[in-house]
Structures are given as structure tokens and as C-alpha cells.
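J.: Could you have a look at this structure, given as C-alpha cells, before my questions?
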Amino acid sequence: MQILKLYFLCVIAILILVIVIVCVARILRSPFRYPYFEHYFDVSGKRTPQMEDLIDEYLNSGNFNKIQKHNQYISRWEKECQEQIQKSIMKKYRRKQFEACLDDSEAFRFYFTRKQTRYRQRDYVKTSYKVSQITRQFGCNYTYLEERNRQLWEINYECTLRNYHEKNQRKLMTKELRKKIMIRDNYTCQNCGKYMPDEVGLHVDHIIPVSKGGKTVPSNLQVLCSKCNGNKSNRT
Ligand SMILES: [Zn+2]
């Protein structure tokens with residue numbers, strides 16, 4: 001009987017000890033989690049995607065306000081943490097934890113994801129399913145994005161910075177861009193007004209020639225018929 005009582009007391013003591021350890025661990029654990037900005041680019045099917053190009057395209061689509069808002073959110077969060085530290089009884093300890101979790105230099109994170117097909121076999125039947133996998137990660141601070149956005153604003157958000165500074169502007173004349181300009185100008189010569197819906201004999205012309213620093217961007221492109229295009233190149 002005595003031994004049973006002792007055994008029972010031991011179990012209770014161990015239980016209380018475990019509860020105390022769990023509670024202390026919880027109190028000591030950092031309550032701060034840095035609020036990262038995260039954005040995912042699905043690059044499935046793109047052969048050599050460039051992170052900077054995709055960030056430029058993201059900014060060109062008018063998303064800088066999301067970045068700005070998030071930056072304000074981080075400032076608010078930091079202020080709230082400071083207040084929390086002031087109220088805490090372990091000020092020094094909490095301050096250290098807060099400073100350890102700060103990561104302003106990589107606050108904005110961008111990821112490349114690729115959809116991959118996987119297979120599962122069950123009852124002799126093979127079925128496919130897709131999973132998204134992160135293949136690249138890039139982190140930067142707010143100033144980097146602000147500066148990039150400013151430079152894009154200067155070129156009217158027309159293309160990526162890499163394309164703008166590309167030495168070989170003719171290389172940027174892709175099939176897709178040609179089609180886009182044809183549709184915009186309604187298959188009509190912008191000089192004489194000739195409408196040629198079959199595209200034959202129509203050219204996409206650089207308004208300011210590439211040789212004079214003209215860029216391959218929609219605002220510097222127009223549709224011309226062969227005749228007008230020929231006349232233009234004779235003049236220049
Ligand atoms: Zn014409």
C-alpha cells in the first residue's frame with residue numbers, strides 16, 4: 001500500500017515538472033515573426049527565366065502599390081513590437097529576440113515555381129498529378145524595388161530594364177510583338193491608310209530608327225506598307 005502511494009506521488013511530480021517545463025519553454029520562445037512579402041512566379045514552360053525581368057513585368061503591371069503597402073505594414077509591425085517590448089517584464093531578452101528576427105535587407109521575396117508532373121500507381125493504374133516546386137528564391141529590400149520602379153516609370157513602364165538597355169534592339173522584335181502591333185494598328189499602314197488584313201506587304205517600322213537610338217517598344221513601333229516603308233528608308 002505504502003509503495004503504491006509513493007509511486008503515485010512520483011507520477012504526479014513528474015507530470016507537474018513536464019507541465020512547468022512546457023510553460024517555461026513557451027514563455028521563453030520568441031513571439032516575433034518577421035512579416036515577409038512573398039510573391040510567386042509560375043515559370044513552367046519558360047526555358048531561361050530571369051528573375052529581374054519577371055520583377056520588372058510585375059512592377060510594369062502596376063503592382064508597386066502592393067510593395068508600398070507592405071512596406072508600411074512592416075513599419076507598423078515594428079512599432080507594435082517596440083510597444084510590446086516596453087510592456088514586457090523581460091525587456092532585454094525580448095529586445096534581443098526582436099532584433100534577431102529583423103530581416104529588412106531581404107524583406108521582399110520572390111520565388112520561381114514550376115509545375116511538375118508526377119505519377120502514382122495504384123491497382124495497376126498509373127495516374128498523373130501536378131505539384132508546384134520552388135526552383136529559385138530571391139530576396140531584396142524595399143529600396144531596391146523603389147529604385148527599379150522609378151527607372152521603369154521613367155521609360156513609361158513599356159518594357160523591362162534589361163530590354164531597354166539591350167544593345168541589339170532588333171533582336172527584341174519577336175513574333176508576338178509583331179502580332180501585337182499589327183492588331184493595335186488594325187493591319188493598316190499608318191502613313192497612307194492602306195488596309196491589308198492578310199499582313200502580306202506590311203512591315204513593323206521603328207518610328208525613331210534603331211540606328212538613332214530608337215527602342216523596340218510599342219510606342220516606337222508602327223505598321224507601314226512596303227511602299228511607305230521603302231520611301232522612309234530612302235529619306236533616312
Ligand atoms: Zn503606306
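J.: List every residue pair whose Cβ atoms lie under 9 Å apart, where the two residues are 6 or more positions apart in sequence or sit on different chains, the first residue falls within the range 128-141 and is at positive phi and outside the structural domain of Glu106 (by TED's automatic domain parsing), and the second residue, located anywhere, is at pLDDT 95 or above and in a strand (DSSP E or B).
T.: Qualifying pairs under 9 Å: none.
J.: Right, something else. Within the range 189-203, track down each residue that is within 9 Å of the ligand (Cβ to nearest atom) and either open to solvent by 60 Å² or more (accessible area, probe 1.4 Å) or of a type in the set (D, E, K, R) (or both).
T.: Gln190, Asn191, Cys192, Lys194
J.: If you go through the range 92-135, how many residues are farther than 25 Å from Ile67 by Cβ, charged (D, E, K, R), in contact with a Phe, Trp or Tyr (Cβ under 9 Å, 6 or more places away or on another chain) and open to solvent by 40 Å² or more (accessible area, probe 1.4 Å)?
T.: 3
J.: Which residues, counting only those in the range 56-93, are charged (D, E, K, R) and either touching a Ser or Thr at 6+ places or on another chain (Cβ under 7 Å) or at positive phi (or both)?
T.: Asp56, Glu57
J.: Quick test for you: out of Arg29, Arg95, Arg47, Arg118, pick the one residue that is modelled with pLDDT of 95 or more and among the basic types (Lys, Arg).
T.: Arg95
J.: While we're here: If you take the residues of the range 137-162 that are among the β-branched types (Val, Ile, Thr) and assigned to a loop (DSSP other than H, G, I, E, B), which of them is farthest from Leu221 (Cα to Cα)?
T.: My answer is Thr160.
J.: Sticking with this one: Name the residue that is least open to solvent (accessible area, probe 1.4 Å), counting only residues in the range 173-188 that are part of a loop (DSSP other than H, G, I, E, B) and within 14 Å of the ligand (Cβ to nearest atom).
T.: Residue satisfying both the conditions and the ranking: Asp185.
J.: Now a separate question. If you go through the range 212-230 one residue at a time, do you hit one that is more than 26 Å from Glu158 (Cα to Cα), more than 10 Å from the ligand (Cβ to nearest atom) and open to solvent by 80 Å² or more (accessible area, probe 1.4 Å)?
T.: no
The values are calculated or read from the model by the stated rules, or taken from the named source; none is laboratory data. If you're wondering where the values come from, they're calculated on a predicted model, not measured in any experiment. Positions of Cβ are generated from backbone atoms using ideal geometry, with glycine treated the same way; all protein chains shown enter the neighbour counts. Side chains included, ligands, DNA and RNA excluded: accessible areas come from the protein's heavy atoms. Shrake-Rupley method; radii C 1.70, N 1.55, O 1.52, S 1.80 Å.
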